[in-house]
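In what follows, a single structure is set out as structure tokens and then discussed.
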Amino acid sequence: MDQNNLGQKLRWYQSWFGVMLLGLGVTILFFILFIAGSIGYYYWQIRQGHGQILFNKFYGGFSANKEIKNNNTTNGTVKFSREELEINSAPFLGSNNPKVTIVEFVDFKCPNSKAAAPILRQMMQKYGNKVKLIIRNFPVESTRAGANELAVLSMCAYNQGYYWPLHDWLYEQQDVLGSKLTNEQLDAMATIFGWDGPKIKECLSSTSAKVNVNKDFADAYRFGVGGTPTFFINGEKVEGVVPLEAWEVFLKNVK
């Protein structure tokens with residue numbers, strides 16, 4: 001029986017066995033808290049659209065997906081060429097002779113697309129001499145009412161040469177734009193941007209811009225896009241908001 005120097009009986013936690021047991025318990029508790037905290041952090045990151053960034057962090061580089069999964073195909077895969085992806089008719093920024101071509105599928109109602117927009121602007125300001133950024137549409141109307149109309153509006157604005165001012169403005173106004181654009185809103189936009197208001201309204205009612213948006217959406221689905229933003233970097237698929245630091249790590253190595 002363990003006793004102290006006065007011959008008194010020691011409590012269990014005062015014995016060498018008790019001290020070891022307590023130490024082991026504290027270690028296990030800290031380990032459990034660490035694991036729980038890590039799981040909670042990574043779950044939050046994935047919910048914020050950063051799942052692919054976490055993949056890149058642990059496994060390095062952008063993941064290559066030359067064959068994209070598609071539930072509508074017989075064998076589960078579909079092959080596509082970069083020419084199908086990097087279409088010349090879509091809005092773009094940057095070099096006409098790029099080292100890197102980035103295609104971004106966006107939804108103007110998507111908070112993650114909004115979060116990615118200023119990052120891409122900074123990236124293009126710094127690396128636009130060797131990067132071409134192409135924007136294509138993936139409006140998910142079923143979960144974000146009004147997304148399809150904003151995509152069509154962006155293509156109408158593109159036809160008049162106002163795509164990029166509208167692109168930035170739609171993200172700035174994302175929280176206040178409803179599910180349907182009103183005549184008052186369209187008239188206000190004509191004043192803001194200086195475009196031909198009647199032609200914009202005519203375009204919104206016609207089929208030409210809608211056809212472009214529908215083609216983007218169909219292509220995106222065929223290429224395996226499931227949410228926005230989704231990037232294809234020289235044909236390689238990357239999902240979620242990519243931090244500026246990650247773009248820089250990648251682009252600094254491009255000669």
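Throughout, read-outs are computed from the coordinates displayed, never taken from laboratory work. Predicted, not measured: the structure shown is a model, and the values here were computed from it. Heads up, the Cβs are rebuilt from the backbone with ideal geometry, glycines too, and the neighbour counts pull from every protein chain shown.
Give me the net charge of A117's neighbourhood, meaning all other residues with Cβ under 10 Å from the Cβ of A117; Lys, Arg count +1, Asp, Glu -1. Intermediate results must be reported in sequence, preceding the final value.
Values: positive: K114, R121; negative: E104, D168, E172.
Neighbourhood net charge equals -1.
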Below 15 angstrom from the Cβ of V100, what's the summed charge of the other residues (Lys, Arg +1; Asp, Glu -1)? +4
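Set the Förster radius R0 to 51 Å, insert the Cβ-Cβ distance between N253 and K180 as r into 1/(1 + (r/R0)^6), and round the FRET efficiency to 0.05. Present the calculation step by step, with values, prior to reporting the outcome.
Details: r = 46 Å, r/R0 = 0.90.
Given R0 = 51 Å and the Cβ-Cβ separation, E is 0.65.
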Cα-based Rg and Dmax for region 81-207, where Dmax is the largest Cα-Cα distance (Å): 14.8, 43
